[in-house]
Amino acid sequence: MNTNFFTANLDTIAWFVYLLASILFIQGLRYMNSPKTARKGNFVSITGMIVASVMACINSAATGFNSGLALAVLAAGIIIGAVIGVISAKRVHMTAMPQLVSLFNTVGGGAAALVAINDALSPVKDGSMGHTVPGLISAVLGIAIGCITFSGSLIAAGKLQGIVSGSAVRIPLKRVIDIVSIAGIVFFAYMVVAGQSFGYPVWLPVVMICVFALIIGLTFALPIGGADMPVVISVLNACTGTAVAMAGFVINNLVMIVAGALVGAAGAILSLLMAKAMNRSLLSVLGGGFGDTSGATDDAGPAGDAAPLRETSADDLAVQLAYANSVIIVPGYGLAVAGAQHEIADLTKLLEGKGVDVKFAIHPVAGRMPGHMNVLLAEANIPYEKLLDMDDINPLFPTADVALVVGANDVTNPAARRQGTPISGMPILDVDAAKAAVVVKRGRGKGYAGIENELYGLPGTSMLYGDAKKVVADVIAAVKEL
């Protein structure tokens, strides 16, 4: 009697604790809406996860484990996962953050799939599949979405890391493979829901769903170019959240349902915003073929028969910056690759000491993910108020004496304002409206769109070739000598 009373009250307490954790997740996501409060959002979300995890452990301990081995496996998983997570987060470079996020998607999708697989294969006493139809449908969805996310995220991480070719891989008979795989998932899902009425082993349809879903994940990610991988990662992140929510329905866990739904919705919204920032539909991105980085990198050689561009030097740039009233710095992925954020911060402080007004123009898809540049520059202690979004900074370009572009390409290309180009209609930073523009670049290569940047050939634009970290350091030294 006392045991039953305790168990009933524990379930009620657990429900309210999970509700509290869910509220913390929602509040944390709300804080992440602004760079100023993003760090607080991380802290609030982490607190919510700790609360939920501790409650889950207490609940499991009170209801009892099936065996000591189960407890040992759980403890080992927590310890190993925590160690790997901390080491990965500390060692990863900011330029590799998208890869890390993709690997997290892999783990999340795989974990959600395993939870759903366990439920689908759990028999009742008579050996039959003792689940309701809605529960089995949720389990099947969790398995399929989780496995698609698992294999697709692995490919995405591999493309960004260079382990897998960044080019858009053409898969022969891709459409046929996809149709057969989807049909296979639907057929074997029916077998799972139907139970053992046909006399097949309970594990067979579950395994086949996993196989077909893993194939879909591969055929989904391989045909998409490496430059579009950030959008793919965001989509797969939404899939991870959906799979977790499905797993939450399966095991009747409130916090998993809420957390999964939040991640799924946030990932879907982010994917749409990223596609919009590139002036492309999400379907065109996921259709593959664009964003091919195999022959269009910033390290590429001379741009063929392109008109000669006007070059400048670190000394000349130093004079321009030191005697300007207003400077707008446009950071891009090249800055992140060079790790020049601290040099940019030092240059900013040096110019401000000379009375120069310095601001930063942040394009929605600068770097490899939305917010990538904000986090990178915040790491160098550049104040958030200096980081202006595209809508806020574009009206200020005509008043800027110098626009300094560091490692950005397509997001500054005036060709986006004309029809008939691969980036037509894409919102860009109005760098060409500044009184003078200086572009720091490693080489004359094209951006991922594969076209020349018309900004580089304008009369008011000068080019300064070299590694951004070294170039900015040279400019700092030249400014100090003035």
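Any residue in the range 83-102 that's assigned to a helix (DSSP H, G or I): show its pairings with residues that are modelled with pLDDT under 80 and of a type in the set (S, T, N, Q) at Cβ separation under 8 Å, as long as the two are six or more apart or on different chains.
Ala96/Gln161; Gln99/Gln161
Limited to the range 452-476, what total is found for residues that are assigned to a helix (DSSP H, G or I), out of contact with any strand residue (DSSP E or B) (no Cβ under 7 Å at 6 or more places or on another chain), closer than 19 Å to Ala433 by Cα and of a type outside the set (Asp, Glu)?
1
On the basis of being open to solvent by less than 40 Å² (accessible area, probe 1.4 Å) and at pLDDT 90 or above, does Ala400 make the cut?
Yes; evaluated as a whole, the condition is true for this residue.
Could you tell me whether Ser294 is assigned to a helix (DSSP H, G or I), modelled with pLDDT under 70 and either crowded, with 22+ Cβ neighbours inside 10 Å or not hydrophobic (A, V, I, L, M, F, W, C) (or both)?
Taking the combined requirement at face value, the residue does not satisfy it.
Taking only the range 31-49 into account, find how many residues are modelled with pLDDT under 85 and open to solvent by 100 Å² or more (accessible area, probe 1.4 Å).
Qualifying residue count for the region: 3.
Considering only the range 315-323, I want to know if a residue exists there that is aromatic (Phe, Trp, Tyr) and at pLDDT 85 or above.
yes
What residue, among those in the range 386-410 that are outside any strand (DSSP E or B) and without any contact (Cβ under 8 Å) to a residue 60 or more places away in the chain, is nearest to Ser326 (Cα to Cα)?
By that ranking, first place goes to Pro398.
Hey, could you check the range 131-189 for residues that are among the aromatic types (Phe, Trp, Tyr) and out of contact with any Pro (no Cβ under 7 Å at 6 or more places or on another chain) and say which is surrounded by the fewest Cβ atoms within 10 Å (Cβ to Cβ)?
Phe187
How many residues does the range 379-403 contain that are under 23 Å from the mean Cα position of the chain (by Cα) and of a type in the set (S, T, N, Q)?
1
Have a look at Ala324, Ala345, Ala318, Ala361 and point out the one that is in contact with a Leu (Cβ under 9 Å, 6 or more places away or on another chain) and part of a loop (DSSP other than H, G, I, E, B).
After applying the criteria, what remains is Ala324.
The values are calculated or read from the model by the stated rules, or taken from the named source; none is laboratory data. Just so you know, these numbers come straight off a predicted model, no measurement behind them. Every residue, glycine as well, gets a Cβ built from its backbone with ideal geometry; the counts of neighbours run over all protein chains shown. Side chains included, ligands, DNA and RNA excluded: accessible areas come from the protein's heavy atoms. Shrake-Rupley method; radii C 1.70, N 1.55, O 1.52, S 1.80 Å.
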